[in-house]
Amino acid sequence: MSEQKIFITGGAGYVGSNLVPFLLSKGKKITVYDAMYFTDNFLPKGNPNLNVIKGDIRDSSKIYDSCKGHDIFINLACISNDASFELDEKLSTSINLDAFEPMVLAAKNAGIKRFIYASSSSVYGVSSAKNVKEDHPLIPLTLYNKYKAECEPILLKHLDNSFKGVIFRPATVCGFAPRMRLDLSVNILTNFAVNKKFIKVFGGSQLRPNLHVQDYAEVVDLFIETSIDKINGQIFNVGYENLSIYEIAKRVKSDAESMNIAEDISIEITESNDNRSYHINSDKIFTVLGYKAKRGISDATIEIISSFKKGLLKNSFDDDIFFNVKRLKNLSLK
């Protein structure tokens, strides 16, 4: 399947900036379709197997024209992370919900054979269950969670014998990527440890499942390569370590001290209005596909610290390229 043509919305973002070069290294031909809110500077544009299109997913006719001739459609594009809804609710609704069904139909009508939808494990909201499986009730706390959940059945209802698809719910992503995000839990705490010599924890007791950005890339490749009939219409949790925010902070502190960032990095706890807390179970993807994520929080922390030491992440508290909400507010999008 390695010569198949793959169309990726949102491919210039945090996850995409790592996924795209990974898939190219596997010999795949990729088209990235992205609004370029974070520029296209983090993509390997010199690669002859990469085509980059600046486009809005709300433009379903452009999606239709652009994805024709492709075999697989991967949807990453969205206003990403819960706090992004501090922005304009209409903007977020139009991109994360209203655009979804027209995009699915455009892909289907253009002859796409396989649709891979990146949902989110945050659809579970708050749960005290020790192992949240795919059939667990969805109790979203924010519009981001809610819309991610509402898009899942929209895709499923359009699947048929010629248009098949799979949904995955990734945990909170961490680790270094070319278009870096420093507004995700592990990445935030590491930025504080390196540059402030203390770690600020909001709340602390909330449980968060985590997924390394490279494991994310590998699981997407698995969904590309697996026989579609084995996964068609299925939903998969994908996560690795489930820890509380405070436990993550202690891990980051230990890793940063071991890498000589500072002798003693303190942890400061402050109140948080973010109550999302859930412990996901990723056994299904192992049972069905034999897949287990293998990179932990320390892998992410150590590589981010190394990236700071190499000078790859400058102005890490001020440059809006690292922060989704700050960037989108500055762009004054509609």
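The values are calculated or read from the model by the stated rules, or taken from the named source; none is laboratory data. No experiment lies behind these values; they were computed from the predicted model shown. Here the Cβ is made from the backbone with ideal geometry for all residues, glycine too, and neighbour counts use every protein chain on show.
Kindly indicate whether any position in segment 112-119 is surrounded by fewer than 18 Cβ atoms within 10 Å (Cβ to Cβ) and over 19 Å from the mean Cα position of the chain (by Cα).
Restricting attention to segment 112-119, the residues satisfying the condition of being surrounded by fewer than 18 Cβ atoms within 10 Å (Cβ to Cβ) are 113.
Filter once more, so that each one left must be over 19 Å from the mean Cα position of the chain (by Cα): 113.
Scanning segment 112-119, I find at least one residue that is surrounded by fewer than 18 Cβ atoms within 10 Å (Cβ to Cβ) and over 19 Å from the mean Cα position of the chain (by Cα), so the answer is yes.
Would a scan of segment 194-203 turn up a residue that is buried (at least 23 other Cβ atoms within 10 Å of the Cβ) and charged (D, E, K, R)?
No, the conditions are met nowhere in segment 194-203.
Taking residue 135 and the conditions (1) surrounded by fewer than 16 Cβ atoms within 10 Å (Cβ to Cβ); (2) closer than 19 Å to residue 224 by Cα, which numbered condition does it fall short on, given that it satisfies the others?
All conditions pass for residue 135, except number (2).
What number goes with the only condition from (1) assigned to a strand (DSSP E or B); (2) within 16 Å of the chain's Cα centre (by Cα) that residue 11 does not pass?
(1)
So, restricting to strands (runs of 3 or more DSSP E) that lie completely within segment 35-146, which ones have at least 1 residues that are among the hydroxyl-bearing types (Ser, Thr, Tyr)?
Strands (runs of 3 or more DSSP E) meeting the threshold: 114-118.
Report whether or not residue 27 is farther than 18 Å from residue 322 by Cβ, in a loop (DSSP other than H, G, I, E, B) and over 16 Å from the mean Cα position of the chain (by Cα).
yes
Taking the stated definitions as given, is residue 250 closer than 24 Å to residue 183 by Cα, part of a helix (DSSP H, G or I) and of a type outside the set (Val, Ile, Thr)?
Judged against the criteria, residue 250 is a match.
Those residues that are farther than 22 Å from residue 149 by Cα, within 24 Å of the chain's Cα centre (by Cα) and assigned to a helix (DSSP H, G or I), I need them from segment 256-292; list them, please.
Matches in segment 256-292: 286, 287, 288, 289.
Say whether the condition of being in contact with a Lys or Arg (Cβ under 9 Å, 6 or more places away or on another chain), surrounded by 22 or more Cβ atoms within 10 Å (Cβ to Cβ) and either outside any loop (DSSP other than H, G, I, E, B) or among the acidic types (Asp, Glu) (or both) is met by at least one residue in segment 221-228.
Looking through segment 221-228, at least one residue is in contact with a Lys or Arg (Cβ under 9 Å, 6 or more places away or on another chain), surrounded by 22 or more Cβ atoms within 10 Å (Cβ to Cβ) and either outside any loop (DSSP other than H, G, I, E, B) or among the acidic types (Asp, Glu) (or both).
When residues of segment 306-325 are filtered for being more than 22 Å from residue 262 (Cα to Cα) and either surrounded by 15 or more Cβ atoms within 10 Å (Cβ to Cβ) or in contact (Cβ under 8 Å) with a residue 40 or more places away in the chain (or both), how many remain?
Residues in segment 306-325 being more than 22 Å from residue 262 (Cα to Cα) and either surrounded by 15 or more Cβ atoms within 10 Å (Cβ to Cβ) or in contact (Cβ under 8 Å) with a residue 40 or more places away in the chain (or both): 6 in total.
What number of residues in segment 168-220 are within 18 Å of residue 276 (Cα to Cα), out of contact with any Cys (no Cβ under 8 Å at 6 or more places or on another chain) and not in a strand (DSSP E or B)?
Selection size over segment 168-220: 8.
Checking residue 255 against (1) buried (at least 21 other Cβ atoms within 10 Å of the Cβ); (2) within 29 Å of residue 12 (Cα to Cα), which single condition isn't satisfied?
(2)
Could you tell me whether any residue of segment 160-172 is among the hydroxyl-bearing types (Ser, Thr, Tyr) and within 19 Å of the chain's Cα centre (by Cα)?
yes
Being more than 16 Å from the chain's Cα centre (by Cα), crowded, with 16+ Cβ neighbours inside 10 Å, at pLDDT 95 or above and within 17 Å of residue 216 (Cα to Cα) is true for just one of 6, 74. Which residue is that?
Details: 74 fails: more than 16 Å from the chain's Cα centre (by Cα).
Within the list 6, 74, the selection yields 6.
Please verify whether residue 178 is under 16 Å from residue 19 (Cβ atoms), touching a residue at least 60 places away in the same chain (Cβ under 8 Å) and under 19 Å from the mean Cα position of the chain (by Cα), treating the condition exactly as stated.
Yes; evaluated as a whole, the condition is true for this residue.
Which residues, taken from segment 258-273, are surrounded by 14 or more Cβ atoms within 10 Å (Cβ to Cβ) and either under 23 Å from residue 306 (Cβ atoms) or not β-branched (Val, Ile, Thr) (or both)?
259, 261, 262, 265, 267, 272
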